[in-house]
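Reviewing the structure listed below.
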Amino acid sequence: MHNKSIIAWAMYDWANSAFATTVIAGFFPLFFKMYYSAGSDVFTSTAQLGFSNSIASLIVALIAPVLGAIADSGFYKKKFLLFFAAIGILMTASLYFIDKGMWEFAAFIYVSAAVGFAGSNLFYDSLLPTVARKKEFDQVSVLGFALGYLGGGILFLINVLMYKYPESFGISDQIQAIKISFVSVALWWLLFTLPLMIFVKERKGRTSSLSKNVTEGYRSIIKTFKKIRTLKTVSLFLIAYWLYIDGVDTIIRMAVDYGMSIGLETSDLIVSLLIVQFIGFPATLLFGKLSHFASAKSLIIAALCVYIFVTIWAVFIDSSSDFFILALLIGMVQGGIQALSRSLYSRIIPHNNIAEFFGFYNLLGKFAAILGPLMIGFTGMATGNSRVGIASIVLLFLAGGFLLLKVDEKQGEKESTQFEKNNGTFYRHD
């Protein structure tokens, strides 16, 4: 049953990663520029997409700590995961019905789906210590991300074939193929969420009404912030994570739009996304193996060095072959940096407040994703040059990496252990 729970938990990454690949990274930016935002110039459509991503991130940032506190005050992690997943699934399917030029409506539906996706991930992350033992965190976290790359990649490949050869699937044209792809993501997401529904059994907390837990959740936001502030290592890690994951998320969300802005072919951009997905699967598993020989922190630093190199090189590229190489490099590190960040954080936080602390983890991660798209959107419009916008992302990787170097995992574990012994009260003496 233990192994079934682990596999069922990891399969949710397989399920909802289809949204991350086909919708967030792939077809929505493409469709937004050529269909939903038809008639807008290249810099305006980039800004519109960037602002949509930022709004979605802001909403998640505002609700994340509240939802985490709610989950910790009862036994609602799994229920809230399924609730937000349902929102994401329904909104993704609704993209099928939006017509050409209706960019405002498309942005609203996309933001709603992105909130469902991110909200469900908050509770998905917080279930990691429920399904895995502490010594298994790295391997199980990596398994989730690896299956996400594989599952998302498989469906995206099918969607790409539908787009390139619509007549072979009995589809009238490429526009219809993309719309049907959005529906396929919703169905895939729904189908592969079922194992988690069946096999993941949540540990029950104290029983109380949901309305009472909501009230307690709001009241606990300030308390949670105070708890995190007293844990020096956790605080430092969260600031570092807030900075560098912004760069990671921004590249995921805006890469296709950037490629279109500098004149690369649509078909080549789609191929590059497939490269990221299918390189990401074995590369993420490799990071899990490497975690036996090197610390999660050192592996994250190595991945950040790759991101810095990739971002600087992206400023100067002018061919599809260059973009393919960038996709290869990103695929090698993207899953590893996400998976090991989650497992490193799981080690240094007190487990009697796991969902509450993961609320802030997601809060900073999603709040940071506001900054990157805005930087690209504003600098692109101000300078009339998309390359300037992508260059600014380097600063986020440099700052995040510098702070991460100062994080001491062993000290973090000691602080959290002391925090738990003192029943949630920890006093720093420095």
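Per-residue answers, yes or no, for (1) outside any helix (DSSP H, G or I); (2) in contact (Cβ under 8 Å) with a residue 24 or more places away in the chain; (3) charged (D, E, K, R):
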| position | (1), (2), (3) |
| --- | --- |
| L90 | no, yes, no |
| G101 | yes, yes, no |
| F108 | no, no, no |
| S120 | no, yes, no |
| K135 | no, no, yes |
| L150 | no, yes, no |
| G153 | no, yes, no |
| L161 | no, no, no |
| Q176 | no, no, no |
Quick check, is I300 open to solvent by less than 10 Å² (accessible area, probe 1.4 Å), free of Cβ contacts under 8 Å to residues at least 60 places away in the same chain and farther than 20 Å from G152 by Cα? no
Restricted to segment 136-176 and to residues being charged (D, E, K, R) and within 21 Å of A355 (Cβ to Cβ), the residue modelled with the lowest pLDDT is D138
Among the numbered criteria (1) closer than 29 Å to L127 by Cα; (2) surrounded by fewer than 17 Cβ atoms within 10 Å (Cβ to Cβ), which one does F105 miss? (1)
Scanning segment 37-57 for residues that are under 9 Å from I370 (Cα atoms) and either free of Cβ contacts under 8 Å to residues at least 60 places away in the same chain or of a type in the set (A, V, I, L, M, F, W, C) (or both) gives F51, I55, A56
Being modelled with pLDDT of 65 or more and open to solvent by 50 Å² or more (accessible area, probe 1.4 Å) is the filter here; which residues of segment 193-210 pass it? L194, M197, I198, F199, K201, R203
Search result, residues across segment 108-131 that are open to solvent by 10 Å² or more (accessible area, probe 1.4 Å) and either farther than 17 Å from L49 by Cβ or basic (K, R) (or both): N121, D125, P129, T130
Can you confirm whether segment 420-429 contains a residue that is in contact with a Phe, Trp or Tyr (Cβ under 6 Å, 6 or more places away or on another chain), more than 30 Å from I376 (Cα to Cα) and at pLDDT below 90? yes
Specify the residue that is farthest from V160 (Cα to Cα); the eligible residues are those in segment 237-274 that are surrounded by fewer than 19 Cβ atoms within 10 Å (Cβ to Cβ) and touching a Leu at 6+ places or on another chain (Cβ under 7 Å). I239
Output the helices (runs of 4 or more DSSP H) that fall wholly within segment 321-409 and possess 2 or more residues being within 16 Å of I228 (Cα to Cα), modelled with pLDDT under 85 and open to solvent by less than 30 Å² (accessible area, probe 1.4 Å), or say none. 354-383
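The values are calculated or read from the model by the stated rules, or taken from the named source; none is laboratory data. Computed from a predicted model, the values in this text were never measured in an experiment. All Cβ positions, glycine included, derive from the backbone under ideal geometry; neighbour counts span all protein chains shown. These accessible areas exclude ligands, DNA and RNA; they are computed on the full protein's heavy atoms, side chains included. Shrake-Rupley method; radii C 1.70, N 1.55, O 1.52, S 1.80 Å.
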